[in-house]
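So the structure is just underneath, and the comments pick up after that.
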Amino acid sequence: MPYVKRDSAGRIVSLHGDAEEASEQLSASHPEVERFLAQTTMPTPEAFKRALAESDQDIARITEDLIHLLISKNLILFTDLPNVVQQKLLDRERLRSHLQEAEDNFLDDSELL
């Protein structure tokens, strides 16, 4: 359990492993300790890379949804897209439909309604 040092307003300003510099002891899972750690922990380059990768996945989904919207509004034709793009979109639709079927099929084949 870390020892905490507070400022004059009562906010945690540092954590310590022993009581030499701070006398108050809180559990590592105490909300104030967790809040302090969240505010002072600098993200690592790996964390930024993970965030960017997650953002890339989100952007890919947004782009896919945008293409579907443009097609549904007849602003572009599916056949106007390059063949490679058409194939990738069809592949993703197939994957999504398989996933949806698996989620929809929650009953075992032997179970009856």
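Taking segment 10-53 as the search range and keeping residues that are in a loop (DSSP other than H, G, I, E, B) and of a type in the set (A, V, I, L, M, F, W, C), which one is surrounded by the fewest Cβ atoms within 10 Å (Cβ to Cβ)? If you could, list the steps in order and put the result at the bottom.
Kept after step one, since they are in a loop (DSSP other than H, G, I, E, B), are these residues of segment 10-53: 10-11, 17-23, 26-30, 41-44.
Okay, now just the ones that are also of a type in the set (A, V, I, L, M, F, W, C), so 19, 22, 26, 28, 42.
Values: Ala19: 10, Ala22: 19, Leu26: 18, Ala28: 10, Met42: 5.
Filtering first and then ranking leaves Met42.
Filtering segment 72-87 to residues that are within 29 Å of the chain's Cα centre (by Cα) and surrounded by 10 or more Cβ atoms within 10 Å (Cβ to Cβ) leaves Val85, Gln86, Gln87.
Here is a check on your reading of the model: is Val33 touching a Leu at 6+ places or on another chain (Cβ under 6 Å) and at pLDDT 85 or above?
Numbers: touching a Leu at 6+ places or on another chain (Cβ under 6 Å): yes; at pLDDT 85 or above: yes.
The answer is yes for Val33.
The values are calculated or read from the model by the stated rules, or taken from the named source; none is laboratory data. Just so it is clear, the model here is predicted, and its values are computed rather than measured. Ideal geometry is used to build each Cβ from the backbone, glycine not excepted, and the neighbour counts take in all protein chains shown.
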